[in-house]
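Colleague: Okay, here's the structure, questions in a sec.
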Amino acid sequence: MTTLQELFETHEGRLVHKWNHYFEVYEKLFSRYRGKPINILEIGISHGGSLQIWRKYFGENANIFAVDINPECKKFEDEKTKIFIGSQEDEAFLTQLKSQLPVLDILIDDGGHTMNQQIVSFNHLFSTVKDGGVYLVEDTHTSYWNEYHGGYKKKSSFIEFAKDMVDQMHAWHIDNEKIAPINFITENVMGISFYDSIVVFEKKLRKEPFHSMRGTSSITPYSDPTLKKDSILQQVKKKLSGKKNSYFRQLKK
């Protein structure tokens, strides 16, 4: 089967611009969707070449939706490709867009790449991705570029925004609920992957994680003297003995 990179390298249609190392990431995430009746949204159409590439890669069963601020992009619309014209940082537009979209298997943000555009789009559109789906943000190196309102370690950059979500994803394991309350991200993000210039969010409805033990104890467990009194091992023992353990807090609704 032809890979996405091979499709790109032999492409003679409308202009498409991609970093070469993206294709390995795409293939890893998207190959399972090929030939299936899936829903995809791409933010950022430009010359429309990527729409042609996605169609060749995913096949005729895919429903492709796309957003761009340039009204000229409307001409790329066809029976299986729906184009929406508007700004990805316009909250009113995004609210209207959500009402017209089906549940998405894949969302690709390849739009304007400014910090506000990426963050506003994520806050409004991540909820449209189905359980088991993928939200992918491209060209996140702009988080380090001043002209895109980024900057190294700048708290308002998308990279720092995504780093904060790593903590939110782990909220069940953080003792201080005021610092890291359990929220929508905790309950709906299974994994966050950082690649060069790409951040991927894997959506999956989650319940509070738990662990268990099987088999017969065969050694005396080593007790690390540097650990605090309530070590993970002690917490496991409390759990197995039926005692209350703050590590296994109940999910607050």
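Every number here is computed from the coordinates shown, using simple stated rules; none is lab data. Fair warning: this is a prediction, and the values are worked out from it, not measured in the lab. Cβ placement follows ideal geometry from the backbone for every residue including glycine, while neighbour counts extend to all protein chains displayed.
Colleague: Among residues other than Ser121 whose Cβ falls under 9 Å from its Cβ, what is the net charge (Lys/Arg +1, Asp/Glu -1)?
Modeller: -2
Colleague: Let me ask something additional. Over region 1-118, what number does the Rg to Rh ratio reach, with both radii from the alpha-carbon atoms and Rh per Kirkwood? Walk me through the numbers before you get to the answer.
Modeller: Details: Rg = 13.9 Å, Rh = 14.7 Å.
Dividing the radius of gyration by the Kirkwood radius yields 0.94.
Colleague: Antiparallel as a % of all DSSP beta bridges within the chain, to the nearest 5?
Modeller: Here the share of antiparallel DSSP bridges comes out near 40 percent.
Colleague: Then there is this: With unit charges on the beta carbon (Lys/Arg positive, Asp/Glu negative), name the residue among Leu107, Gly59, Ala162 whose Cα is farthest towards the positive pole of the charge dipole of region 4-203.
Modeller: My answer, from the dipole projection, is Gly59.
Colleague: Putting +1 on Lys and Arg Cβ atoms and -1 on Asp and Glu Cβ atoms, find which of Leu29, Phe93, Leu227 reaches farthest to the positive end of the dipole of the chain.
Modeller: Value: Leu227.
Colleague: Now for a separate question. Strictly over 23 Å apart at the Cα level, which of Lys36/Lys80; Lys28/Lys204; Lys80/Lys203; Lys56/Lys98 would you flag in this model?
Modeller: The pairs that break the limit, which is 23 Å between Cα atoms, are Lys80/Lys203; Lys56/Lys98.
Colleague: Loop only by DSSP, 12 or fewer other Cβ within 10 Å of the Cβ. Give me the chymotrypsin sites (Phe, Trp or Tyr not before Pro) in region 101-156 that pass, ordered by residue number.
Modeller: Tyr152
Colleague: I would also like to ask the following. Counting only C-alpha contacts under 8 Å and six or more residues apart, can you give the relative contact order of the chain as a whole percent? Intermediate results must be reported in sequence, preceding the final value.
Modeller: Values: 383 pairs, mean separation 31.3, N = 253.
Here the relative contact order equals 12 percent.
Colleague: Moving on to the next point. Just to be sure I understand the model, the point goes 7 Å from the Cα along the line to the Cβ. What's the resulting Lys28 to His141 distance in nm?
Modeller: Output for this residue pair reads 1.8 nm.
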